[in-house]
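Encoded as structure tokens, the structure appears first; notes follow it.
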Amino acid sequence: METSKKPASLLCFIYIMVCLAVSGCKEEPEKMVIDYETTPVQTVVGMDARQYSFADIKMEMRTHTMERYSYEKDSVSITKELYKDGFEVYVYNEDGLLESQLIAQEAEHVIAKKNEDWKAYGNVNILNHIKGERIITDTVFWDKPNEQIYTHCYVIMTSPKGRLQGYGMRSDQRVNESKILRPFDSYGVVVSDSTKFYIDTVNFVGPFPK
């Protein structure tokens, strides 16, 4: 009788070991934690966005790479868009002419609740092709509700009328009326020759005057 019990006890031992091995394999894997504040939910390469009014183009935005982030911070839902490796904005007037242009190395667009902030930075150049004016600075902000752009940084402004420099600048978004807030060491140019005038080479069509 004792010899007949050994195989049964051996089978029980094997069964218990198999159960332990199987139960050990059922451990839950570690959950992956994603930081959405630093991980984009969307990436667009070669972005070219245009805004039209009926059939007339009003604005165009180009960038090499756009990354969109969506996360929550302090119980506030935030959407952030980063425009990398070059950022350009083109603004057209009522006649369809290219009026102003903004060129920067990067830009950022953040939406939190009802607030919307635009910022372009890195060797910012703002040009008014119709008036022949150029603004050079490091960072510029777009006040979208009031249709203005501004900066607190050092600014150089050149035009056919002279050269201005200073700290801080505010302008309408079409760059028609630009003002340096704290100018210094600026100068103007007096042209007595009435035959000399500025030509908009971007929108000009036809032969140049002799």
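The values are calculated or read from the model by the stated rules, or taken from the named source; none is laboratory data. No experiment lies behind these values; they were computed from the predicted model shown. Reconstructed Cβ throughout: ideal geometry from the backbone, glycine too, with neighbour counts over all protein chains shown.
Of the residues in the stretch 181-190, none is surrounded by 10 or more Cβ atoms within 10 Å (Cβ to Cβ), modelled with pLDDT under 90 and among the basic types (Lys, Arg). For the stretch 90-102, a residue qualifies if it is surrounded by fewer than 18 Cβ atoms within 10 Å (Cβ to Cβ) and within 16 Å of residue 171 (Cβ to Cβ), and exactly one does: 93.
Every residue, every condition in (1) in a strand (DSSP E or B); (2) farther than 18 Å from residue 142 by Cα, yes or no:
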| site | (1), (2) |
| --- | --- |
| 36 | no, yes |
| 85 | yes, yes |
| 90 | yes, no |
| 96 | no, yes |
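Just for the stretch 38-75: of the residues that are in a strand (DSSP E or B) and among the small types (Gly, Ala, Ser), which one is farthest from the chain's Cα centre (by Cα)? Filtering first and then ranking leaves 53. Does residue 140 satisfy being surrounded by 15 or more Cβ atoms within 10 Å (Cβ to Cβ), part of a loop (DSSP other than H, G, I, E, B), under 20 Å from the mean Cα position of the chain (by Cα) and hydrophobic (A, V, I, L, M, F, W, C)? Against the criterion (surrounded by 15 or more Cβ atoms within 10 Å (Cβ to Cβ), part of a loop (DSSP other than H, G, I, E, B), under 20 Å from the mean Cα position of the chain (by Cα) and hydrophobic (A, V, I, L, M, F, W, C)), residue 140 does not qualify.
If you go through the stretch 121-130, how many residues are surrounded by 17 or more Cβ atoms within 10 Å (Cβ to Cβ) and out of contact with any Leu (no Cβ under 6 Å at 6 or more places or on another chain)? So that I can check it myself, show each step before the final result.
Initial filter on the stretch 121-130 (surrounded by 17 or more Cβ atoms within 10 Å (Cβ to Cβ)): 121, 124, 126-130.
Pick out the ones that are also out of contact with any Leu (no Cβ under 6 Å at 6 or more places or on another chain) and you get 121, 124, 127-128, 130.
Residues in the stretch 121-130 being surrounded by 17 or more Cβ atoms within 10 Å (Cβ to Cβ) and out of contact with any Leu (no Cβ under 6 Å at 6 or more places or on another chain): 5 in total.
Restricting the stretch 167-185 to residues that are free of Cβ contacts under 8 Å to residues at least 60 places away in the same chain and of a type in the set (Lys, Arg), which is nearest to residue 138 (Cα to Cα)? Looking at residues that are free of Cβ contacts under 8 Å to residues at least 60 places away in the same chain and of a type in the set (Lys, Arg), I get 170. Each residue in the stretch 161-175 was checked for being part of a loop (DSSP other than H, G, I, E, B) and either under 26 Å from the mean Cα position of the chain (by Cα) or at pLDDT 90 or above (or both), and 3 of them qualify.
Within the stretch 103-147, being out of contact with any Phe, Trp or Tyr (no Cβ under 9 Å at 6 or more places or on another chain), touching a residue at least 40 places away in the same chain (Cβ under 8 Å) and either more than 13 Å from residue 174 (Cβ to Cβ) or of a type in the set (Ser, Thr, Tyr) (or both) holds for no residue.
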